[in-house]
Amino acid sequence: MRTLVRYIKSKNSNTGAIVYHDERFDIDRITVGRATQSDIGLNDLSVSLNHAAISMGKGKKPVIKAISVSGFQVNGRLLKTADLQPGDVIEVGRWTLKVEKPADGFELILVVEKQGKGGSPSADLREKSKTTIEETGLGKRSWSWILFVAVMVLFLIVPAVGVMVPSVGKLLRASPVPSDGSWDSGTLALAHHIIGDQCEQCHEKPFRMVRDHACIECHKSTMAHADPDFYSLDTLTRTRCATCHKDHNGIDGMVRRDPGLCSNCHEDPDTTMPNAELLPAEDFTDLHPQFRITLTSYDDEKQEEVRERVSMDDKDLMVEKSNLIFPHDKHLKPEGIDSPSGTRQLSCVSCHKPEPGGARMEPINMVKHCKECHSLTFEIDDAVREVPHGKTREVLFVLEEYYAKRALEGGYIDNSAPEVVRKRRRPGERLSKDERREALEWASQKYLEVGEEIFRFRVCNVCHKVNKTEREDGLPSWEVVPVRLNQHWMRKAVFSHRSHETMTCEDCHDANKSDTSADVLIPAIDNCRQCHAGEDAHNQVESPCIECHKFHIQDEFRMGAIKADE
Amino acid sequence: MHQSFLVYKGFRYLKVALILSALSIFAYAVYIPTEPPNGGTWLGYTLGTIGALLILWLLWFGVRKRKFSRGSATTQSWLSAHVYLGMALLLVATLHSGFQFAWNLHMLAYSLMVIVIASGIFGIVAYARYPSLITANRESQTREQMFEEIANLDQAAVTLAAQIGDQAHQIILRSINRTKIGGSVWAQISGKEQEKEDEMEEEQLVELATQMMPAIGSPNAPTMAMPSANADPDSESTLFFVAQNLAGSHGQERVQKLRDLLDIVRSKKMLVDRLRRDIRYHGLMQLWLYVHVPLSLALLAALTAHIIAVFFYW
C-alpha cells in the first residue's frame, strides 16, 4: 500500500503558511502509536504505545483497526475499526489523522496534526459535553410558535373552513382531523342526538344566537304557556326557546328545574297578572296553595258535564257525585267478606289495577270486579239465569220472556199463581187457548213484580240509584241513574302512580274508613308534603314546580305562533 | 435585604388571589343558574371573562420581565402577582367550566392551562429547592473548575498508567474516552445513561486490576483467589481486594503506583458524579420553563379558538 503521511509542524494563522514534512511508505500494514518503532509515531500520553494499525481492506479501501482497548474516534464516533474514506478524520488522543483523496499514485494520504487544545488528553471533554438544555437545541421560542400555530390551525382555522365549505366539513367530520365537532361544548339532550354533528341544523348563522324557528321546525305542536292576549307578558311573547332550553348540558340537561322558572310570575300573581285570579305559588314547602281538585257533576237539563275546581280545604264541597253506592270500608274489612267461594279478603288491588303506562288506574268493570258476589239472578229457584248488566230495557225483555216461558211450561211453585201455571204438564200435553191466555196474563204481571223487586229492592239498588218511570204504553219502567266517576282529579298537575309504587295505597288513600262513595279519597297537600319539599328540602324529595306541573299547557296556542320579533 | 417573591410585601398578592378565589367560590355557591352549571350562564360568562383577562395578563409577564426598567412596578412584584394570580386562575377557570368536561377544544384549553400552571408550580418548587442543593453540591467550585479538575485527574491518571504498563494505559485512555458529561435533555435530567457509563467504568477498573496480575509477575499470582470482573457486584471492594493482594507481592513500586491510580480514578468518579448532579439540578431548574412557555403560547391559541368557537355557535 503506497502511503503518504504528511505531518503538519505549524500553521500561521495570519498568512496561512504551513510547515510540514512528508513520509512515504509502501508496506502492507502501517502501525500507529506512541512507541518509537511505530510507522506513524504520535508522541503524546493520550496515545497508547501500539494504538492502531492501517491496512488495505478487501474492497481496496484502507481499514484502520484498534490495537489499544481505548479505540479511536472517526468523525466523532468512538470505534474499534473503520473503513476509511477521503475526508474522514481519525482522532487518536490529541492527534488528528485526516484522510485525503488518493493522488500521485498514493493509495492512502494522511495529514497528521496535533491539536493544540488544553493541557490534558480530556481537555475537550468540556467542549463536547452538552451541559445545559440550551445546548441540546431544545428551544422555547420555536416550540412556542409551533404549538401556537398548530392549535390555531387545527382547532380554529380548519374547523372554520369546514363550516364555510360544506364539502370540506363533511370530509372533516368523517376524519380524525378536528372539525366543528371539536367545538361541541357538551353532550346534547338525548332526543337531539338525532341531530348528531349537524351543528348548522340549529346554529344557522355564525355568531348569531339560535333562533326559535330552528326549534319549531320540529317542535310544531309544542303548546304555549298561556293565552298571550290575556297574559300580555314579554316573558311569554318575546322569550326565545333557547332562553330556557339550553342544550349541550347532558342528556337530560335541557329542562329548566329552577324555582325561578315559575316563581318569577307566580310568586305574586296579583301584581304580575292582576286579571288572572291565580293563587300565589313559589315553593312547594313555603308557598303553595292547597290542592284544588276538579269535581265533575252532570247538568241534566243541558245534558253536559259540569266541572268545578274546589280547594280541598273546603271540606263541605268535598263530595263526589258519582251516583254509585259503594262503601269502601265494607269491602275492605280486615276479617274478609263472604263470597260464593267462601270468605275473601279484598284489598285495593283486587279492583284497582294500574294502567300499562302506570300513571292511572284501569276502569272498574262490574262483570270483572263485582259480579262474583253481586250476582244478577232474579228467580229464587233458578240460580243460573241472570239479567244483563248495564241495559235496563233488556232487563225487562229478559224478565218478560222468562216468565212467559215458565208460565207456559207450568210447574212453577207459587201459591199466588193460577192453577195452570202451577200444574206440572205431562209430556206432549197441550194447553187450551184459555189456559194459555190465563198463563200469559199471570206472566205479564209477574215480570213487572220481579222487575220492581230487582230494580228497587234487591239487585240494582244495592249499588245504583234507581228511578221508577212509566213507559209510553202506561206500564211501569225503571231507570238506573248513570255512574259518573270523577276521572281527572288534578287537571293542572301531573301525577304518576308508577313513580310511587313503593308506597302502599293506604299511605295516601284513606279507603278503609270511607263508608260512602261520596267521600273524596284524593290526598290533600299535607300528605304530599310528608315526602316532598321545595327548594330547601332536607331529608325530603326536592321537588321543584316542574316536578308536578308542566309549562307548555295552553292547548289552544302553539309556541312560536305569536312571536313579536320574528 | 433579599426578600422572596413569595412573601413580597407581606403576601400582598397572595391576599389578592385569595380574595378573588373566595369571591368566585361564593358566587358559584350562591348563584342558581336556570340550567346545569356551565360556561354559558351569567356567572359562567363573568368567570370566563375574568379567566381570559387573567391569562392575557399572566402571558404579559413574559414580555414584562424582559423590560427591567420600564413601568413603576418591579419585576419582583410582577413575579409575585404572576405566581399567586396564576394559581387563582386554576380555580376561576374550573368554576367557569361548571365541572363540565368533555373531549373537545374547550377541554384542550383547560388542560393546557392546568399543565402550564402545574409546570409553574414546579418552577416555584425548583427555585426554592435547587439553588441550595446546587451550592452544597458544588463545594464552592465552578463548573469550569470541575471540568478542569477532571482534566487534571485524567492527565495524572494517564501519566501514571503509562508508567505502570501499556495495558493499564489503554484502559485508562478508554475510560477517559468514554466519560460522558451531560448529553441529551433526558441524559441531563435523569442520569440514566450515566449510570450505565459508571458501571462500565467500574468494570474497566476491575479489568485493569485483573490484567495487572501477570504484569506483576508474582509466582503465586495464578493460584490467587482472583475474582473475575463479573463475580463480585461490589466492584470497588474487589479493587481493593486486588490491591491488597498485590501489596504482598514484589514489584512494590508498581503496586504503589496502581494504588495511586485507583485513588485518582475514585476521585474522578466522585467529581464526575458531582458535576452530573450539578447539571441535573440546573436542568431541572430550567426544564419546567420549556414546558411552561411553549404551552402557555399554545394555551393562548386554544383560548382564542375557544372564545371564537363558543360565539361562532352561540
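Suppose R0 equals 60 Å. What FRET efficiency, 1/(1 + (r/R0)^6) with r the Cβ-Cβ distance, do residue B:135 and residue A:549 give to the nearest 0.05?
0.25
Take residue A:481 and residue A:237, extend 7 Å from each Cα along the Cα→Cβ direction, and tell me the distance between the two endpoints in nm.
Using points 7 Å along Cα→Cβ, the separation is 4.8 nm.
Would you mind giving the mean number of other chain beta-carbons within 10 Å of the Cβ of each residue in A:153-161, as a whole number?
4
If R₀ is 45 angstrom, what is the calculated FRET efficiency for the pair residue A:445 and residue A:492, using the beta carbon separation as r and rounding to 0.05?
0.20
Just grab the label-to-label distance for residue A:437 and residue B:77, each label 7 Å out from Cα along the Cβ direction, in nm (one decimal).
In this crude spin-label approximation the distance works out to 13.3 nm.
Can you pull the accessible area of residue A:369 for me, 1.4 Å probe, Å² to the nearest 10?
40 Å²
Of A:21, A:203, which has the most accessible area and how do the rest follow, probe 1.4 Å?
A:21, A:203
Give me the accessible area of residue A:300, 1.4 Å probe, in Å² rounded to the nearest 10.
110 Å²
For region A:2-128, what are the per-bin percents of Cα-Cα distances with bins 10 Å wide, up to the bin holding the maximum?
That works out to 13, 46, 34, 8, 0, in percent per bin.
Does anything in region B:19-46 have its amide N under 19 Å from the 7 Å Cα→Cβ label point of residue A:222, and if so which residues?
B:34-36, B:41
Grab the Cα-Cα distance for residue A:17 and residue A:101, subtract it from 0.36 nm times how many residues apart they are, and report the gain in nm with one decimal.
Once the chain is fully extended between residue A:17 and residue A:101, it gains 28.1 nm.
Just flag the GluC sites (Glu not before Pro) in region A:266-304 sitting in loop per DSSP whose Cβ has no more than 13 other Cβ atoms within 10 Å.
Filter output for region A:266-304: A:277, A:301.
For chain A, what is the mean residue ellipticity at 222 nm derived from helices alone (per DSSP H run of n ≥ 4: -39500 (n - 2.57); sum divided by total residues; nearest 500 deg cm²/dmol)?
Taken over chain A, the calculation gives -5000 deg cm²/dmol.
Order the following by accessible area, largest value first: A:72, B:99, A:284. Probe radius 1.4 Å; ligands, DNA and RNA are ignored.
B:99, A:284, A:72
If you find the alpha carbon centre of region B:126-171 and of region A:1-66, how far apart are they in angstrom?
Result: 31 Å between the Cα centres.
Under the 0.36 nm per residue contour assumption, what length would be gained going from the current alpha-carbon distance of residue A:37 and residue A:132 to full extension?
Full extension of this stretch gives 29.8 nm more.
Let me know the mean shielding of A:241-254 by other chains, meaning the per-residue number of their Cβ atoms within 10 Å of its Cβ.
Counting other chains' Cβ atoms within 10 Å and averaging over A:241-254 gives 3.
What is the set of long-range amide H partners of residue A:79 at a cut-off below 5 Å, with H atoms built 1.01 Å from backbone N?
It is A:72, A:73, A:74, by chain and number.
Let's see if you can work this out: charge +1 on each Lys and Arg Cβ, -1 on each Asp and Glu Cβ, no other charges. What is the dipole magnitude of chain A about its Cα centre, in debye to the nearest 20?
For chain A, the charge dipole is close to 4640 debye.
Where the eigenvalues come from the Cα gyration tensor of region A:147-211, what are the semi-axes √(5λ) of the equivalent ellipsoid, largest first, in whole Å?
21, 13, 12
Can you order the peptides A:250-258, A:151-159 by their average number of other Cβ atoms within 10 Å per residue, highest first?
A:151-159, A:250-258
Take the alpha carbon atoms of region A:136-206, find their center, do the same for region A:215-233, and report the distance between the two centers in whole angstrom.
36 Å
Given the protein chains as shown and a 1.4 Å probe, how many square angstrom of residue B:139 are accessible, to the nearest 10?
Solvent-accessible area, nearest 10 Å²: 110 Å².
Put B:143, A:29, A:292 in order of accessible area, largest first, 1.4 Å probe: what do you get?
A:29, A:292, B:143
The values are calculated or read from the model by the stated rules, or taken from the named source; none is laboratory data. Fair warning: this is a prediction, and the values are worked out from it, not measured in the lab. Here the Cβ is made from the backbone with ideal geometry for all residues, glycine too, and neighbour counts use every protein chain on show. To get the accessible areas, we keep the full protein, side chains included, count just its heavy atoms, and leave off ligands, DNA and RNA. Shrake-Rupley method; radii C 1.70, N 1.55, O 1.52, S 1.80 Å.
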